[in-house]
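The values are calculated or read from the model by the stated rules, or taken from the named source; none is laboratory data. These figures come from a predicted structure and were not determined experimentally. All Cβ positions, even for glycine, are placed from backbone atoms using ideal geometry, and neighbour counts span all protein chains on display. These accessible areas exclude ligands, DNA and RNA; they are computed on the full protein's heavy atoms, side chains included. Shrake-Rupley method; radii C 1.70, N 1.55, O 1.52, S 1.80 Å.
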Amino acid sequence: MKVLLTSHGNLAEGILSGFEFIAGKSSKILTLELDNDGIDKYRSRLNALLDQQKGPVLILADLKGGTPYNESYKYYLEHPEKVSLISGLNLPMLLELIPQLTSQTTLEEATEIVLKAGTEGIIKAEDIQDDNDDLF
């Protein structure tokens, strides 16, 4: 299974850079970014990249309703057995998912891992009111 990070501008490469800084390189991660070449070229690159993949692909897009998400969604509708699509790309998603991926991991399992890690990674810091050593 591959994980495709897709975004506007350089966000996908930035998330990948952060992941590699913390966890090292992974051959399981691909990136594709919408740039000034426009939507048509992005669509062509996306379709070619996804068509090349032999196994399933979990697509993590930056923003629901944006071009990377919308074009990925079109591909998903045509290939629901091959891809799964999640919006809200963030670093905790990758840090949780990539170490758990095996050749036996299904798209459904990977999707659940990403959804859980992505939402649980969003918290509001609170003032500490006691002597609790569990700061993190």
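What the table shows:
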{"read-out": "Any hit, segment 41-50, residues being touching a helix residue (DSSP H, G or I) at 6+ places or on another chain (Cβ under 6 Å), farther than 18 Å from ILE15 by Cβ and surrounded by fewer than 19 Cβ atoms within 10 Å (Cβ to Cβ)", "value": "yes"}
{"read-out": "Considering residues of segment 76-93 that are touching a helix residue (DSSP H, G or I) at 6+ places or on another chain (Cβ under 8 Å) and within 15 Å of LYS54 (Cα to Cα) only, the residue least open to solvent (accessible area, probe 1.4 Å)", "value": "VAL83"}
{"read-out": "In segment 19-28, residue farthest from THR106 (Cα to Cα) [restricted to those that are open to solvent by 20 Å² or more (accessible area, probe 1.4 Å) and not hydroxyl-bearing (Ser, Thr, Tyr)]", "value": "PHE21"}
{"read-out": "Contacts under 8 angstrom Cβ, first residue in segment 20-37 being closer than 19 Å to ASP51 by Cβ, partner open to solvent by 40 Å² or more (accessible area, probe 1.4 Å) and of a type in the set (D, E, K, R), 6 or more apart", "value": "LYS28/LYS2; ILE29/LYS2; LEU30/LYS2; THR31/GLU13; LEU32/ARG45; GLU33/GLU13"}
{"read-out": "Which listed residue, of GLU71, GLU108, is open to solvent by less than 30 Å² (accessible area, probe 1.4 Å), in contact with a Ser or Thr (Cβ under 9 Å, 6 or more places away or on another chain) and in contact (Cβ under 8 Å) with a residue 12 or more places away in the chain", "value": "GLU71"}
{"read-out": "Pick from segment 1-17, criterion more than 23 Å from THR102 (Cβ to Cβ) and more than 9 Å from the chain's Cα centre (by Cα), ranking: least open to solvent (accessible area, probe 1.4 Å)", "value": "SER7"}
{"read-out": "Looking only at segment 111-127, and only at residues there that are loosely packed, with under 11 Cβ neighbours inside 10 Å and not charged (D, E, K, R), the one that is nearest to the chain's Cα centre (by Cα)", "value": "ILE122"}
{"read-out": "Subset of segment 94-105 (residues that are part of a loop (DSSP other than H, G, I, E, B), surrounded by fewer than 17 Cβ atoms within 10 Å (Cβ to Cβ) and either of a type outside the set (Gly, Ala, Ser) or modelled with pLDDT of 90 or more (or both))", "value": "THR102, GLN104, THR105"}
{"read-out": "Set ILE22, ILE15, ILE39: member being of a type in the set (A, V, I, L, M) and either in contact with a strand residue (DSSP E or B) (Cβ under 7 Å, 6 or more places away or on another chain) or at positive phi (or both)", "value": "ILE15"}
